[in-house]
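Asker: What follows is a structure written as structure tokens; I'll ask about it next.
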Amino acid sequence: MPALPALLLSIRFLSFLLVTMAPPSLSQTPLLSSVRMAAILDDQSVCGRGERLALALARENINSVFEGPARARVEVDIYELQEDSQYDTTDTMCQILPKGVVSVIGPASSPASGSTVSHICGEKEIPHVKIGPEETPRLPYLRFASVTLYPSNEDLSLAIGSILRSFSYPSASLVCAKAECLLRLEELVRRFLISRETLSVRMLDENLDPTPLLKEIRDDKVATIIIDANASVSYLILKKASELGMTSAFYKYILTTMDFPLLRLDDVVDDQSNVVGFSMFNTTHPFYLEFIRSLNLSWREGCDLTYPGPALSSALMFDAVHVVVGAVRELNRSQEIGVKPLSCTSPQIWQHGTSLMNYLRMVEYDGLTGRVEFNSKGQRTNYTLRILEKHRGGHKEIGIWYSNNTLAMNSTSLDINISETLANKTLIVTTILENPYVMRKDNYRDFEGNDQYEGFCVDMLRELADILKFSFKIKLVDDGLYGAPEPNGSWTGMVGELINRKADLAVAGFTITSEREKVIDFSKPFMTLGISILYRVQLGRKPGYFSFLDPFSPAVWLFMLLAYLAVSCVLFLAARLSPYEWYNPHPCLQERRDMLENQYTLGNSLWFPVGGFMQQGSEIMPRALSTRCVSGVWWAFTLIIISSYTANLAAFLTVQRMEVPIESPDDLADQTNIEYGTIHGGSTMTFFMNSRYQTYQRMWNYMNSKLPSVFVKSTEEGIARVLNSKYAFLMESTMNEYHRGLNCNLTQIGGLLDTKGYGIGMPLGSPFREELSLAILQLQENNRLEILKRRWWEGGQCPKEEDHRAKGLGMENIGGIFVVLICGLIIAVFVAIMEFVWSTRRSAETDEVCPHTCPRRPHRHTPVSVCQEMITEFRNAVSCRKSSRMRRRRPLSSSAALRHPTRIALGAPRPLRLVREMRLSNGKLYSGAGPLTGGAGGTGLPDLGPGPQRILDDPLGANTTPPPPAPTPVMLPARSCTHVRICQECRRIQSLRPGSSIGSASTRIPPSSAPLPRLAPPPPPSSSNTDSEGGGGSSPRGLPSSPPSHSPRPILPPQSSNNTDLLVNQK
């Protein structure tokens, strides 16, 4: 205090002592000419709480109305504490005691200092009036107690419990700024234990950061939150709760501070927030308005901030002065009182202190804080607490709590009408553009409002609106996100708009997650899905003309070719080395009995594996064990190869195979060549971020640390990145299915990574949750949701992957077979033409041909050109009416025979090769006796061996010579060719030769009634004859009249039309 006022107070105090110590006979004035009291202030705020002004207003008010012959002036000495310290408080009290005060008031917000003041006042028996909360733990009863104007801890617990009872005792969470709150609210904790409801207690840390506590409360979905803190800390907690979206209608806050009216929560609360507190102000007091006006003026003079309102401590200071003065007045009427200075070092006490304390407990006063009365313990009683609810721009009274534990509640927003329905309501629906859930129409600019949008969710909303009779307004989310938590605890996207009450519903492909469920409510899921991997299709070569080669790789085809060549070579060598593959093909020829041949020539060795590989066989069969082993192994090889080829051919012709570098999430996590990511701030990102599975953790670490970022802002951006780069997109399976139907270049890798659902989001505590859930179940039961899904999902052009029905093969699948066939035919025709030209050219160069017009009469041979020969042969080849033609025989001169021995006539001497060729031609048997010599006229040709005789076939017998008389039967010589398989008719003809025998017995042909004709000898060189080729023979033309001189000819039976064994059909 300044020195001058202290001096004046000292002078007045001395005067007061002189007056009180004078004997009665010396003075007739009241012994108490002034009432001095001390007030301890601990207001350290910048603008102050107005306690000093409240003391001045109380003093002036009392002094102006004090009655008596000589007015006793009220003096209030003010002492300030710099901190809540027992040492400083003791020093201050030692300064107050010598002043001779009748009471000590305060401090208001220093519990430790208040306890020290109470203890010292009790020792000196000076009444102590408390204006702050009770200290905890409470001191044991002294012989001299104090009185308190502040509501007791028990009353505060009862008041909170009464409000909770109006909520049917819900579970609550208690946030404490100090550890003593459990002692202050001991009665409340006891009531929770009795009711068996849940009360979770959380303590603020030293930094007073409420974010972790509020997140835990939000995760536990506790709706009722009790905050035990002063006004400034309570404001900090509410502001952080607003940032976390915890000021919606779902949450209810109860503040224990009595300075609740001072809180400015316009930027924290809205019309749907539920923040409840207490107030002790008696707004009907006659001095209330003057008190508020004076404090407001004083605030404006010393502070630039807006005046928040009167602090409770200032009103309690005002009432405390009036209470003390009233008790002193009552005590002064009953007895003479006086004051004397005391000392901290002396044991003296104030002798009137006990009496004044008794009168203080009996005071009844209506002050600025309501009715003031005290019980025997010095606690305030018979007072009321006004229950206020905060709104923007102020607060309103919603109820009154009486100190007898009675609660009277008015209508309030805390009472949520459970029977409230959606009928006739208009809801704000926040959503996000996502195909096919919500899309803008192509001509959306021509429409307004909800008509601009279409999609699955829009149709579902219309179905729900028809069922529940409500209307809606679609609003796109501002930031274009679904919603993810921020580091400060707030939420973005649609979740943030629901938390901040900017929307009533969130309808989209909105995934239900535990993280979101903590801050908002969801309806029943309307669609079930999971996370899948989207990647672009990497197709191998499409089925084409040569798809029939795809079942085997080029390496396999190459090895098969090498195997074919190897088998051909081994077969050739084995057949050449084995003696059992050498045999005599002409066992009936005496002269060629020692000649051996091998059927496995190089050409046949190459042809035999081809027949086995094509499973068509060959006319060449192995004889030796070695060649049979080679053949068996080759056949087994071809069996496996053909079976494998056939099994895979259908798949390669009908299925377009996909080359996939990854097949599962593990493959994706184990490589770095292909990038992968998901939508930033979506449920898929949250899934990987919170997953504890090792593979998913590695995937999250990769995605979170990858630069540039692998996260995308939308599904369209992710799909574009998949198509344009090596990127795998992690997304919901329903969206995967939809986009795969639209773009055939996309495919799904593996199965689902999890299982979840889409739901409709709502703010916490929404009264429409049950209605919407029931309506969704109704749509599912009616199959309406499935119909809507088919409408929006089955519009794609790509075939379904699960459609494995058999499909017809087109030319693009098997066209290569036709190409091979056409090429083979072209080669065959080309080779046939070359053979035709080569054969005709040789015939024209070496021979002279007799015209066909005169085959029986001798003609002079004329030279034939190559072109004429080719034309003649071509006409015979392309004739459609004949299937056979005459052999074009050309007689050879000696020089021609020597140049071309293969063109010797039938009766002329022939080379051995010609004999063999004729013997094997067309499967017909040739036979003869005697050497091949020159024809009639003696050509001088060398003896070429026995000449074969061809079986004559002339069914009509037109060109045969009349048979001569039957000669004497001739015995044919026996032949050692019984091991050769010969037809029975040939055996009969062979037996006609002289001395012939079959087996070991000789056979003699019996005489016949008809003479046997003699086989005609070969024609002379000068004559020309033609025989049929290919399928049969005809009677020789121009047979000579005399048989050969070197050997007789066998006699043949006469030919008839019935003997078909010796005939060859001729057309």
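Asker: About its Cα centre, how strong a charge dipole does the range 547-654 have in debye, to the nearest 20, once Lys and Arg get +1 and Asp and Glu get -1 at the Cβ? List each step's numbers first, then the result.
Answerer: Details: 5 positive and 6 negative charges, 32 e Å.
Once rounded to the nearest 20, the dipole reads 160 debye.
Asker: Starting from 0.36 nm per residue, how many nanometres of slack lie between THR381 and ALA408 once their C-alpha separation is accounted for? Don't skip to the answer; put the middle values down first.
Answerer: Values: separation 27, 0.36 × 27 = 9.72 nm, distance 1.76 nm.
Extra length from THR381 to ALA408 when fully extended: 8.0 nm.
Asker: Restricting things to alpha carbons, tell me how big the range 576-725 is in terms of Rg and Dmax, in Å.
Answerer: Both quantities, over Cα of the range 576-725: 33.5, 103 Å.
Asker: Given the range 547-654, what whole percent of its Cα pairs are spread farther than 16 Å?
Answerer: On the way: 3660 of 5778 pairs.
That fraction is 63 percent.
Asker: Just to confirm my numbers, what's the Cα centroid distance between the range 352-394 and the range 459-477 in Å?
Answerer: When both Cα centres are located, 56 Å separates them.
Asker: Something else about it: At a Förster radius of 30 Å, what calculated FRET efficiency corresponds to the Cβ-Cβ distance of CYS569 and ILE827, to the nearest 0.05?
Answerer: Between CYS569 and ILE827 the formula returns 0.75.
Asker: What is the order of SER626, SER343, fewest Cβ neighbours within 10 Å to most?
Answerer: Final ranking by Cβ density, sparse to dense: SER343, SER626.
Asker: Taking 7 Å along the Cα-to-C-beta vector as the label spot, tell me the VAL610-ARG392 distance in nanometres, rounded to one decimal.
Answerer: My value for the distance between the label points is 9.5 nm.
Asker: Among CYS47, CYS121, what is the fewest-to-most ranking by other Cβ atoms within 10 Å?
Answerer: Placing the least packed residue first, the sequence is CYS47, CYS121.
Asker: How much length is gained if the chain between SER166 and LEU752 is pulled fully straight, taking 0.36 nm per residue apart and subtracting their Cα-Cα distance, in nm to one decimal?
Answerer: Net length gain for the segment: 206.2 nm.
Asker: Under 15 Å between alpha carbons, and skipping anything fewer than 8 positions from LYS425 in its own chain: which aspartates and glutamates qualify?
Answerer: In chain and number order, the partners are ASP466, ASP504, GLU771.
Asker: How do VAL76, VAL65 line up, fewest other C-beta atoms within 10 Å first?
Answerer: Numbers: VAL76 22, VAL65 8.
Listed from fewest to most nearby Cβ atoms, that is VAL65, VAL76.
Asker: For a protection proxy built on the mean count of beta-carbon atoms within 10 angstrom, sort 615-625, 330-340, 239-249, 771-781 highest first, please. Write out the running numbers ahead of the final one.
Answerer: Working: 615-625: 13.4, 330-340: 15.2, 239-249: 21.9, 771-781: 17.4.
Descending mean neighbour count gives 239-249, 771-781, 330-340, 615-625.
Asker: Right, next: By what distance, in whole Å, do the Cα atoms of the range 437-528 stretch along each of the three principal axes, largest value first?
Answerer: 42, 28, 24
Asker: Put a dot 7 Å past each Cα toward the Cβ at CYS629 and PHE559; how far apart are the dots in nm?
Answerer: Label-label distance for PHE559 and CYS629, simple model: 2.3 nm.
Asker: Which FRET efficiency value, to the nearest 0.05, is calculated for CYS94 and LYS340 with the Förster distance at 22 angstrom and r the Cβ-Cβ distance?
Answerer: With R0 = 22 Å, the Cβ-Cβ based efficiency is 0.85.
Asker: Related question: Eight or more residues apart or on different chains, and alpha-carbon atoms under 29 Å: count the Lys pairs in the range 101-254 matching that.
Answerer: 14
Asker: I want to check the label-to-label distance for VAL837 and MET621. Put each point 7 Å from Cα in the C-beta direction and report it in nm to one decimal.
Answerer: 4.1 nm
Asker: Stretch THR695-ASN673 to full length: gain in nm at 0.36 nm per residue minus the Cα-Cα span?
Answerer: Fully extending the segment from THR695 to ASN673 adds 6.2 nm.
A short reminder: the numbers here are calculations on the coordinates, not readings from a lab. This one's a predicted model, so the numbers in the text were calculated from it and none came from an experiment. So basically every Cβ, Gly included, is an ideal-geometry build from the backbone, and we count neighbours across all protein chains shown.
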